[in-house]
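Take a look at the structure set out below.
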Amino acid sequence: MNKSEGLDTKTLLFFFIPLGCSASLVTLSHIIINSTLVRADNSEFIIACYAIAMSLFGITERLGVLLRQTCSSLVRDTYSFKLMSRFTFYIIVSLTLVACAVAFTPVGDFIFATVYGANDRMVEYIKNIYQVLIFVTIFSALRCLNQGIIIYNRQTKWLTIGMGIRLAAMYLLSLLFIYTGHITGKTGAIIFLVGMI
């Protein structure tokens, strides 16, 4: 590798290790949520509803996650960042409209009842969870936009630092829910939202 490009083994390690740690720590955020939900009185029902809502969320959020790679590949200056920010706005609006259709209209009833096979009680519960996940989608897209800039500028240590702060906030909030005994399907979504913010 050409030294003039500023890329050597040390640079690669300082770039990749924080990136890898950040990616690995994401798993802990889901452990925090699941370990909170399992303490509910009707934990099987709550976890099943939360898992269904999250599976659909994973599909709709994927377009927002792609902003990370797009931004790190295409943004090179202030002008390109402004264009990317505008594009991100359109993506967020589109994803929010889709998520609102799922959460607030019969579209969600059809998806959860027909595609997933959930009963009427579960469908209402899942839609309540999905209403919180709308905001998670927004903050996830914004996070990925900024992470693309961080990755392009080789400052991946901030991803690990950010993930540490995220996990601490999620854990403290989960302790609050456990202490108060108020654990529902929305609890998991709220913990996830706080972590994403």
statement: Counting only helices (runs of 4 or more DSSP H) entirely within the range 1-114, those with at least 2 residues that are of a type in the set (V, I, T) and farther than 29 Å from Y125 by Cα are 9-37, 78-104
- prompt: Pairs, please: C-beta under 7 Å, at least 6 apart or cross-chain, first residue under 19 Å from M163 (Cβ atoms) and in the range 175-197, second part of a helix (DSSP H, G or I) and hydroxyl-bearing (S, T, Y)?
  reply: G188/T36; G188/Y50; I191/T36; I191/S174; G195/S29; M196/S140
- prompt: Looking at the range 146-172, which of its residues are under 22 Å from A99 (Cβ atoms) and open to solvent by 10 Å² or more (accessible area, probe 1.4 Å)?
  reply: N146, Q147, R166
message: Any residue that is within 29 Å of I183 (Cβ to Cβ), of a type outside the set (A, V, I, L, M, F, W, C) and out of contact with any Gly (no Cβ under 8 Å at 6 or more places or on another chain) - is there at least one of those in the range 141-153?
response: yes
message: Here's a check for you: in the range 92-113, which residue that is under 15 Å from I138 (Cα atoms) and among the hydroxyl-bearing types (S, T, Y) is least open to solvent (accessible area, probe 1.4 Å)?
response: T96
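Do we find that R121 is open to solvent by less than 40 Å² (accessible area, probe 1.4 Å), in a helix (DSSP H, G or I) and either of a type in the set (K, R) or closer than 18 Å to T27 by Cβ (or both) in this structure?
Values: open to solvent by less than 40 Å² (accessible area, probe 1.4 Å): no; in a helix (DSSP H, G or I): yes; either of a type in the set (K, R) or closer than 18 Å to T27 by Cβ (or both): yes.
Spelling it out, it is not the case that R121 is open to solvent by less than 40 Å² (accessible area, probe 1.4 Å), in a helix (DSSP H, G or I) and either of a type in the set (K, R) or closer than 18 Å to T27 by Cβ (or both).
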query: Can we say I138 is open to solvent by 70 Å² or more (accessible area, probe 1.4 Å), modelled with pLDDT of 85 or more, of a type in the set (A, V, I, L, M) and farther than 25 Å from A48 by Cβ?
result: no
query: In this structure, is R143 assigned to a helix (DSSP H, G or I), in contact (Cβ under 8 Å) with a residue 40 or more places away in the chain and open to solvent by 40 Å² or more (accessible area, probe 1.4 Å)?
result: yes
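The values are calculated or read from the model by the stated rules, or taken from the named source; none is laboratory data. All values reported here derive from a predicted model rather than from experimental measurement. Neighbour counts are summed over all protein chains in view; Cβ atoms, including those assigned to glycine, are modelled from backbone coordinates with ideal geometry. Surface areas here come from the heavy atoms of the whole protein model, side chains and all, with no ligands, DNA or RNA. Shrake-Rupley method; radii C 1.70, N 1.55, O 1.52, S 1.80 Å.
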